[in-house]
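The values are calculated or read from the model by the stated rules, or taken from the named source; none is laboratory data. Here the structure is a predicted model, which means the values were calculated and not measured. Here the Cβ positions follow ideal geometry from the backbone for every residue, glycine too, while neighbour counts run over all protein chains shown.
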């Protein structure tokens, strides 16, 4: 279980899921399991040595204006308060906040320099 301020989840956003799974599977021995998210889309859970998943792969359309990227989500006690702190420090809200079933309240932010990051306030049913 992560604690306030610790890395909680990583997410790869890419249009080439198969290529990513091949590369990271060979590099790190990661395994992948398909799961359907609340939108009915496939979300690939990433595990290491069969342990509980620590991240996921989200498929984005090939014509997406965004480049493939990793987003790091950090554990925070209060997403809404953290959003205000980010805005007060010239940051931006990129996506969210929203509730993700079995995960918690999540938001994707950008700091004043353009670095993107995510925050999660885990739900009581979230294992990490």
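To keep it simple, each residue is scored yes or no on (1) at pLDDT 90 or above; (2) closer than 23 Å to residue 110 by Cα.
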position	(1), (2)
6	yes, yes
9	yes, yes
13	yes, yes
16	yes, no
28	yes, no
44	yes, no
51	no, no
58	yes, yes
79	yes, yes
| message | Being surrounded by 12 or more Cβ atoms within 10 Å (Cβ to Cβ) and more than 30 Å from residue 29 (Cβ to Cβ) is the requirement here; does residue 78 meet it? | response | yes
(message) Is it the case, given these coordinates, that residue 20 is in contact with a strand residue (DSSP E or B) (Cβ under 9 Å, 6 or more places away or on another chain), within 18 Å of residue 123 (Cβ to Cβ), at pLDDT 95 or above and assigned to a helix (DSSP H, G or I)?
(response) no
Restricted to the range 84-104 and to residues being closer than 16 Å to residue 5 by Cβ and in contact with a strand residue (DSSP E or B) (Cβ under 7 Å, 6 or more places away or on another chain), the residue surrounded by the most Cβ atoms within 10 Å (Cβ to Cβ) is 104
Practice prompt. Considering every residue within the range 48-57, establish whether at least one is part of a loop (DSSP other than H, G, I, E, B), surrounded by 11 or more Cβ atoms within 10 Å (Cβ to Cβ) and over 17 Å from the mean Cα position of the chain (by Cα).
Written response: no
Considering residues that are over 27 Å from residue 36 (Cβ atoms), within 16 Å of the chain's Cα centre (by Cα) and in a strand (DSSP E or B), the number found within the range 74-128 is 1
Discussion item. I'd like to check something: does the range 79-88 contain any residue that is closer than 21 Å to residue 124 by Cβ and in contact (Cβ under 8 Å) with a residue 60 or more places away in the chain?
Written reply: no
